[in-house]
Amino acid sequence: MASEHEVSQTAADIYAESLLELANERGVTDAIFEEFQSLAEYIEGDEAFERFLASSAVDDDDRREVLRRIFTGRASEMLLNLMLVLNDHGRAGIVPLVFDRFKQRLDIQKNRQDVQIRSAVPLADNLREEIRSRVASATGKEPILFEEVDPSLIGGLVVKVGDRQFDGSLKRKLARLREELVDRGDLEILSGRHNAPESP
């Protein structure tokens with residue numbers, strides 16, 4: 001039997017696919033994406049509202065009225081209808097998951113690739129363009145860069161493309177050097193033991 005998590009994943013896939021098809025038909029795909037992204041970020045940034053959507057203790061009819069009151073005139077009819085349908089099927093809490101699935105499908109449709117970049121200092125324009133060019137050449141996709149400044153890197157940067165991570169930070173290099181020195185020291189100690197003269 002499928003777990004609740006697996007059921008939610010499957011449901012999110014179905015709703016995301018339907019939403020993308022409808023957005024494509026109406027020629028509003030980019031607008032829906034931007035609006036849906038803002039909605040997902042709002043939900044994930046407001047723990048109380050996120051709990052309200054997911055809570056089984058809240059009556060579906062009451063939640064529907066709250067959603068109508070909050071989003072009528074503020075959200076597109078397409079997104080409001082999505083939330084209401086999810087609510088009617090007891091799935092209001094998976095709105096952010098539906099967005100993730102929607103984004104994945106839209107990225108495939110538009111041949112885009114997310115690139116996560118962490119750097120010790122803000123990227124210079126020439127380095128940003130070099131990363132963009134290299135990723136485009138390697139993947140054949142349009143890179144969408146997400147940049148984060150992380151002073152703990154000490155120097156260099158970490159670039160993540162899909163599931164692959166390329167670590168060029170000084171911190172990581174120092175850690176590797178330390179590992180090599182430790183390994184080498186262990187080997188030398190072992191070698192010294194084998195080569196040491198036996199006690200009389």
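The values are calculated or read from the model by the stated rules, or taken from the named source; none is laboratory data. Note that the coordinates shown come from a computational prediction; the quantities given were computed from them, not determined experimentally. We place every Cβ from the backbone using ideal geometry, glycine too, and count neighbours over all the protein chains shown.
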(request) Kindly indicate the residue of the range 141-156 that is exposed (fewer than 15 other Cβ atoms within 10 Å of the Cβ) and over 14 Å from residue 127 (Cβ atoms) and also modelled with the lowest pLDDT among those meeting that condition. (result) 154
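Could you tell me which residue of the range 1-60 is surrounded by the fewest Cβ atoms within 10 Å (Cβ to Cβ), considering only residues that are among the charged types (D, E, K, R) and closer than 16 Å to residue 85 by Cβ? Give the steps one after another, and end with the answer.
From the range 1-60, those among the charged types (D, E, K, R) are 4, 6, 13, 17, 21, 25-26, 30, 34-35, 41, 44, 46-47, 50-51, 59-60; that's our starting set.
Remaining after also requiring closer than 16 Å to residue 85 by Cβ: 13, 17, 21, 60.
On the way: 13: 16, 17: 14, 21: 12, 60: 14.
So, considering only residues that are among the charged types (D, E, K, R) and closer than 16 Å to residue 85 by Cβ, the one surrounded by the fewest Cβ atoms within 10 Å (Cβ to Cβ) is 21.
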(request) Just need a number here: residues in the range 88-122 that are surrounded by 15 or more Cβ atoms within 10 Å (Cβ to Cβ) and farther than 20 Å from residue 162 by Cα. (result) 6
(request) Would you mind stating whether residue 85 is out of contact with any helix residue (DSSP H, G or I) (no Cβ under 6 Å at 6 or more places or on another chain), closer than 25 Å to residue 106 by Cβ, modelled with pLDDT of 95 or more and hydrophobic (A, V, I, L, M, F, W, C)? (result) yes
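Suppose we keep only residues that are of a type in the set (D, E, K, R) and part of a strand (DSSP E or B) within the range 137-169. Which one would you say is nearest to the chain's Cα centre (by Cα)? Outline the logic, then answer.
Keep residues of the range 137-169 that are of a type in the set (D, E, K, R), which gives 141-142, 147-148, 150, 160, 163-164, 167.
Those still in the list that are part of a strand (DSSP E or B) too: 142, 147-148, 160, 164, 167.
Numbers: 142: 17, 147: 13, 148: 13, 160: 11, 164: 13, 167: 18 Å.
Here the answer is 160.
Report, by residue number, each residue of the range 61-87 that is surrounded by fewer than 12 Cβ atoms within 10 Å (Cβ to Cβ) and under 21 Å from residue 103 (Cα atoms). First the steps, then the outcome.
Start the filter on the range 61-87 by keeping residues that are surrounded by fewer than 12 Cβ atoms within 10 Å (Cβ to Cβ), which leaves 61-62, 65, 69, 72-74, 77.
Of everything in the range 61-87, just one residue is surrounded by fewer than 12 Cβ atoms within 10 Å (Cβ to Cβ) and under 21 Å from residue 103 (Cα atoms), namely 77.
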(message) Among the listed residues 44, 77, identify the single one that is of a type outside the set (A, V, I, L, M, F, W, C), within 19 Å of residue 31 (Cα to Cα) and assigned by TED's automatic domain parsing to the domain that holds residue 30.
(response) 77
